[in-house]
Structures are given as C-alpha cells and as structure tokens.
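The values are calculated or read from the model by the stated rules, or taken from the named source; none is laboratory data. Remember, predicted model here, so these are calculated numbers, not experimental data. Here the Cβ is made from the backbone with ideal geometry for all residues, glycine too, and neighbour counts use every protein chain on show.
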C-alpha cells in the first residue's frame, strides 16, 4: 500500500522500532504541516492509507472528495472530531483508532508544575548568562492540588500530588468524583471553592462540544495571586483569551501550558509567550518514545491487517462492506 504519514515534526517516526512493521509498503513521511484542502489534497494524492498523529490533520468531506485512492485512515490514539466519520463511511474509507495507556502526559504535567514553582527555566538561563539566584521558589508539599477530572491521567496526577505531600482534591462530573472518593481523595465542595482555594490546578478533561470554554474568566479570577494553573489537555478548554487576561491581572499568578488553539505554533506568535508568568512548552506531553512506539505500533498493525484483509476492529464497520473494499 501507499502510505502517507503527515506532521512528523521531529522526523522521529521512521526511527521507531515499530516502523519496521511497514516493510514492503511504500511510505512517505512528511515533517512539516500544511493547511487547507488544496495543499492536503496534493500531499495525499496517491495515498491509499494515511496515519494521523492525534488530531494534527483535519480530514473533512471536501478533502475526501479529492482523494479517490484513499481506503484507510489509521488514527494514533482516539478520534477527537477532526475526522468526518460519516463522510468517510459514505466513501468507503475505513477508519481505525488505537489507544495509549502510558504516563507521559501526566509526567509532563508534573514536570511543568515543578518547573514553574521553582522557576527552573529562568534560573537555568540566569546561570548560563553568568548570574546566580534570582527567584525564590516554593515547594509543593503542603499545598492544595486541584485535579479537574479523575480519568486515567487525572488519577496519575492526583497520585503524584499525594506522593509529594499535597492536599489533593478533585472536581468534575459525578462519575469522576465518585471514582476519586473511592480511591480516598477529597472532592471539592463547590466549583467556586475548587478555584478559590487550590494552590495548583491541573486540567485533565477531554475536549468535546460540552467542554469547550468550560474554564471561564470568572473561574480564573477566583484563583489566588500565588496559584498556578497547568493545562496539558487542550487549550480550548479555557475560554478564548481568558487565561492571557487573567495572568495579566495576576489571578492566577502563574500558568504552565503545553497546548495551544492552533498548532504547530511557530514564530513565537502567541500572547502567552510574551508573559513572564507563563511557562510554555510545544505540546510535548504525549511526544515520548515509549508512547510513540505504542501509538504508532497499533496504527501500523491496523494497516498491515487491512492490507491482508483481516482488519475488523474499526470505528466505521459499514465502510468495510463498501464495494470498494469488497474482496
């Protein structure tokens, strides 16, 4: 099969151990990112299969109409609304997704929390510039950690907080808070208290139509002037412009973020990058070798199974019965 792998920013996919699974197939890996139907249609013109890295590339009906050779989309991780599943099914394009169960995102959330609290980046830069200590950091032990959503990643972060001697509480849907209680964690009495009394808040909510903009300007305005907000989930969970404004007003006092509304973020063109109380990293939460071996390994297995006519676990099984995939 002719396979296209877009948005491999670091040119790392072809160096993964699992890449060998595609031996015998014709693979093109693209290390940059292009936008727009015309550019994507030109890039994928000959592709029979596309491997998507999370939601970096959007596949809609207009693009699919320009890709008559496409038969399979193999998604790393879960779909998140960036693929028009109905349009794929109508055109006989099979969509398969995988899962990831590592701790990479939880680890980067904790790294950001520690680095922000101890001003790690600025202190390291001061030393390189011939200076000595410049900021007074603050330990996490004894502080109040608020974890919004107690799913797989939220559970890991709550565990880290407990290990560091923090007072951990959780906020989220009833199923989320019930699971937290069962594991012995406190649940915040109200949303207002969660924001007002937490010293550190870490967001771990899945982005969907219901959660877009769920963190409001009023929520942020309740936070302490010494508080830290960590976002390794999705930028769109916070109302547009609210975090930048809140940081400029000093509530919360600090933020550490790994996600942005438009990615890749090039040219330092984001207001958060101009704020001294924001620590920003380029969405590296899940970008880690073991994670990639797991994500891409599953995606490549799906391609091999499809090429051999034995792929059955797909998101849109009706596409498998399409005449273009018959036989």
Query raised in the report: Do we find a residue being surrounded by 19 or more Cβ atoms within 10 Å (Cβ to Cβ), assigned to a strand (DSSP E or B), in contact with a helix residue (DSSP H, G or I) (Cβ under 6 Å, 6 or more places away or on another chain) and modelled with pLDDT of 95 or more anywhere in segment 232-244?
Result: no
Query raised in the report: Is there any pair linking a residue in segment 151-166 that is touching a residue at least 12 places away in the same chain (Cβ under 8 Å) to one that is part of a helix (DSSP H, G or I) and crowded, with 19+ Cβ neighbours inside 10 Å, with Cβ under 6 Å and at least six apart or on different chains, and which?
Result: 153/105; 153/106; 156/106; 157/106; 157/109; 160/110
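Of the residues 70, 63, which single one is outside the structural domain of residue 261 (by TED's automatic domain parsing) and either outside any loop (DSSP other than H, G, I, E, B) or at pLDDT below 95 (or both)? Show your work before the answer.
Numbers: 70 fails: either outside any loop (DSSP other than H, G, I, E, B) or at pLDDT below 95 (or both).
From the options 70, 63, the qualifying one is 63.
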Report summary line: Of (1) assigned to a loop (DSSP other than H, G, I, E, B); (2) surrounded by 15 or more Cβ atoms within 10 Å (Cβ to Cβ), residue 294 fails just (1)
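Per-residue answers, yes or no, for (1) surrounded by fewer than 19 Cβ atoms within 10 Å (Cβ to Cβ); (2) free of Cβ contacts under 8 Å to residues at least 12 places away in the same chain; (3) more than 20 Å from the chain's Cα centre (by Cα):
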| residue | (1), (2), (3) |
| --- | --- |
| 77 | no, no, no |
| 84 | no, no, no |
| 97 | no, no, no |
| 109 | no, no, no |
| 118 | yes, no, yes |
| 129 | yes, yes, yes |
Report task. Considering only residues that are under 17 Å from residue 297 (Cβ atoms) and assigned to a strand (DSSP E or B), look in segment 1-26 and name the one that is nearest to the chain's Cα centre (by Cα). Result -> 5
Requested in this report: Could you tell me whether residue 70 is free of Cβ contacts under 8 Å to residues at least 60 places away in the same chain, out of contact with any strand residue (DSSP E or B) (no Cβ under 8 Å at 6 or more places or on another chain), surrounded by 15 or more Cβ atoms within 10 Å (Cβ to Cβ) and farther than 20 Å from residue 264 by Cβ?
Outcome: no
Query - Single residue of segment 76-97 satisfying the filter (in contact with a helix residue (DSSP H, G or I) (Cβ under 7 Å, 6 or more places away or on another chain) and either in the same structural domain as residue 207 (by TED's automatic domain parsing) or assigned to a strand (DSSP E or B) (or both)) that is modelled with the lowest pLDDT - result: 76
